[in-house]
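Please read the structure below before turning to the comments.
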Amino acid sequence: MQRRFTLLLSLGLLGLTGPIPAEANAGTGSAAKPAAVVAADFDALNRNDLEAFLALYAPQAQIFGLPADPHVLVGKRLEQMYGAERLRAHFAKAMAQPDTPHIEQTRTVALGELVVSRVHITDPKRAEPQVLLVVYRVRDGLIEDLWHVGKETADNQTQAAGAVATARALVEANNRADAERFLALFAADARHFRRAEDPHRLADLPSRAVVDEASRVKTYRALYAHGPSVQVDLLDAFAVGDLVVTHERIHKRSTPASAGESYEMLAILRVRDGRVLDLWPLEKIARPADAALVTATAGAQP
């Protein structure tokens, strides 16, 4: 069973690739846009096109399995697929099997080099489909990192709707500068993370400002003491089990220091029973000061 799941994981979430669709070449210069590269990856997988798949991966692309610890996003690197030679051998064998699974992205959001997808896998040999959350990092038209972040299970699938509702509630509380409501949406032992400087790591460093409940209360009460410091638009939110992905546009209140700074944020939150347990900000991209109103929950996170 474990071997079979590993094959599905590597086939289904790695995605395979075919010729890059025309829209993939709409990016700057000759490099395809990350979302188009990932879409081509899925296309090649479903066509069992090994060469097209391999052409979309960097020579030393890293693929990570599901994490064992619920408080981290990154599992162990799958050594059997590390390096061009091993990647080819692994997928040549997988794609030669009869009745390979059908893989599709049912929700996707992209920001900067990152693409986050909700992936639905239908396997003729399994009674039930699988649903996973996968993050890709695409640079210069090639996939350099692929993280299998989460999997829908009988234990967590009932949490999905509530997780998205909690993400929306965080945005609403932020926009009202309602510190008490905002804080009430976090579990007492909730963990806050920050982005790593190493792009091959995925938001796995602890927050400097929020390290426990007391520092969270202090930080957010101070943040909202003089009204909304940022206004947020929640551009998209979707969940796989208790993990919710948020794409936000954030507009800082115009002050001499911020000059109306705007940016977009991509984040993942783990939510159980209406309370945030973990918050990982994945990507932050500055936007022109006159951009439309912007993000929330993760955007405001220190």
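The values are calculated or read from the model by the stated rules, or taken from the named source; none is laboratory data. None of these values were measured; they are calculated from a predicted model. As a convention, Cβ positions derive from the backbone with ideal geometry for all residues, glycine included, and neighbour counts pool all protein chains shown. These accessible areas exclude ligands, DNA and RNA; they are computed on the full protein's heavy atoms, side chains included. Shrake-Rupley method; radii C 1.70, N 1.55, O 1.52, S 1.80 Å.
Checking each residue in segment 11-48 for being surrounded by 20 or more Cβ atoms within 10 Å (Cβ to Cβ), assigned to a helix (DSSP H, G or I) and at pLDDT 50 or above picks out Pro34, Ala35, Ala36, Val37, Val38, Ala39, Ala40, Asp41, Phe42, Asp43, Ala44, Leu45. Part of a strand (DSSP E or B), touching a Ser or Thr at 6+ places or on another chain (Cβ under 6 Å) and within 17 Å of Val109 (Cβ to Cβ) - does that describe any residue in segment 177-195? For segment 177-195, residues part of a strand (DSSP E or B), touching a Ser or Thr at 6+ places or on another chain (Cβ under 6 Å) and within 17 Å of Val109 (Cβ to Cβ): absent.
Residues checked against (1) over 21 Å from Leu66 (Cα atoms); (2) touching a residue at least 40 places away in the same chain (Cβ under 8 Å); (3) of a type in the set (Lys, Arg):
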residue	(1), (2), (3)
Leu183	yes, no, no
Arg191	no, yes, yes
Arg195	no, yes, yes
Pro199	no, yes, no
Ala203	no, yes, no
Val210	yes, yes, no
Lys218	yes, no, yes
Leu223	yes, yes, no
Ala239	no, yes, no
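Please specify each residue of segment 101-110 satisfying the condition of being among the polar types (S, T, N, Q) and either surrounded by fewer than 19 Cβ atoms within 10 Å (Cβ to Cβ) or more than 21 Å from Leu66 (Cα to Cα) (or both). Hits for segment 101-110 are Gln105, Thr106. Of the candidates Arg272, Arg249, the single residue that is of a type in the set (Lys, Arg), within 30 Å of Ile143 (Cα to Cα) and either without any contact (Cβ under 8 Å) to a residue 24 or more places away in the chain or open to solvent by 20 Å² or more (accessible area, probe 1.4 Å) (or both) is Arg249. Scan segment 49-78 for residues that are among the acidic types (Asp, Glu) and open to solvent by 80 Å² or more (accessible area, probe 1.4 Å) and the total you get is 1.
Within segment 111-157, the residues that satisfy the criterion of being among the acidic types (Asp, Glu), surrounded by fewer than 20 Cβ atoms within 10 Å (Cβ to Cβ) and within 18 Å of the chain's Cα centre (by Cα) are Glu113, Glu144.
Here is the figure for segment 164-192: residues that are touching a strand residue (DSSP E or B) at 6+ places or on another chain (Cβ under 7 Å) and either of a type in the set (Val, Ile, Thr) or open to solvent by 20 Å² or more (accessible area, probe 1.4 Å) (or both) total 6. Asp155 meets all of the listed conditions (1) closer than 23 Å to Ala68 by Cβ; (2) modelled with pLDDT of 95 or more but one, namely (2). Residues that are basic (Lys, Arg), under 25 Å from Val74 (Cα atoms) and out of contact with any helix residue (DSSP H, G or I) (no Cβ under 8 Å at 6 or more places or on another chain) within segment 160-219 comprise Arg191, Arg194, Arg195, Arg201, Arg208, listed in sequence order.
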